[in-house]
Structures are given as C-alpha cells and as structure tokens.
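All remarks here apply to the structure that follows.
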C-alpha cells in the first residue's frame, strides 16, 4: 500500500496546467499534481518526439522536464507548486536546441 511520507499542506493554490486551472495542495511537486490530474506526459523526446513521463520522481532521470512560467527545462518532480504557476508540457518542436539549454 502506498502512502504519503508527509501530510499534504492544507493550503490550496491555483495553478494552470496545460491551459486548465487546478486547485491543488501547496507544496506538492508539479509532477505529482500533473499525475493526479491525469496528465501522464510531461515532454516529448528530442530524438523521436515520443511522449515521456515522470519516472524516478527524485531528479535523477530528467524525464519530467516541463515549461514553468515560460521557462523550459524545469524538473517537475523537484519543483514545488506555488500560486499562479503556469505549467506546460515541454514538446520538442524540431527546432535546434539552444546552447546551454
């Protein structure tokens, strides 16, 4: 049986995930909020454009990269939710990757 390691924060925040507004407990990770909302894809692969999803949930695999408030390459599993965040899946559009990205 799975259980939370800590009790969720009783405060709620409003965030936008893929264009839809969600009220979620403050302090949980973006990845857990996305999974709870039924969004299993966080990005697409730059090589094959195949969908990718959170895997390790501890920051080691980089499968959960998302765009947060317009900033790409953010790890959803390590980033706690805060009020008014705008979160989008990071889809590879075929453009060359920027140096340092």
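For residues in segment 33-76 being within 21 Å of residue 12 (Cα to Cα) and touching a residue at least 40 places away in the same chain (Cβ under 8 Å), which is surrounded by the most Cβ atoms within 10 Å (Cβ to Cβ)? By that ranking, first place goes to 76.
Condition first: closer than 16 Å to residue 68 by Cβ and outside any loop (DSSP other than H, G, I, E, B). Now tell me which residues in segment 22-31 satisfy that. Spell out how you get there, then give the answer.
Within segment 22-31, the first condition is being closer than 16 Å to residue 68 by Cβ, and the residues that meet it are 22, 24, 26-31.
Hits for segment 22-31 are 22, 24, 29, 30, 31.
Got at least one residue in segment 7-18 being more than 20 Å from residue 72 (Cβ to Cβ), out of contact with any strand residue (DSSP E or B) (no Cβ under 9 Å at 6 or more places or on another chain), modelled with pLDDT under 85 and not in a strand (DSSP E or B)? So far as segment 7-18 goes, yes, one or more of its residues are more than 20 Å from residue 72 (Cβ to Cβ), out of contact with any strand residue (DSSP E or B) (no Cβ under 9 Å at 6 or more places or on another chain), modelled with pLDDT under 85 and not in a strand (DSSP E or B). Residue 36 meets each of the listed conditions (1) within 12 Å of residue 17 (Cα to Cα); (2) at pLDDT 90 or above apart from (2).
The values are calculated or read from the model by the stated rules, or taken from the named source; none is laboratory data. Fair warning: this is a prediction, and the values are worked out from it, not measured in the lab. Neighbour counts are summed over all protein chains in view; Cβ atoms, including those assigned to glycine, are modelled from backbone coordinates with ideal geometry.
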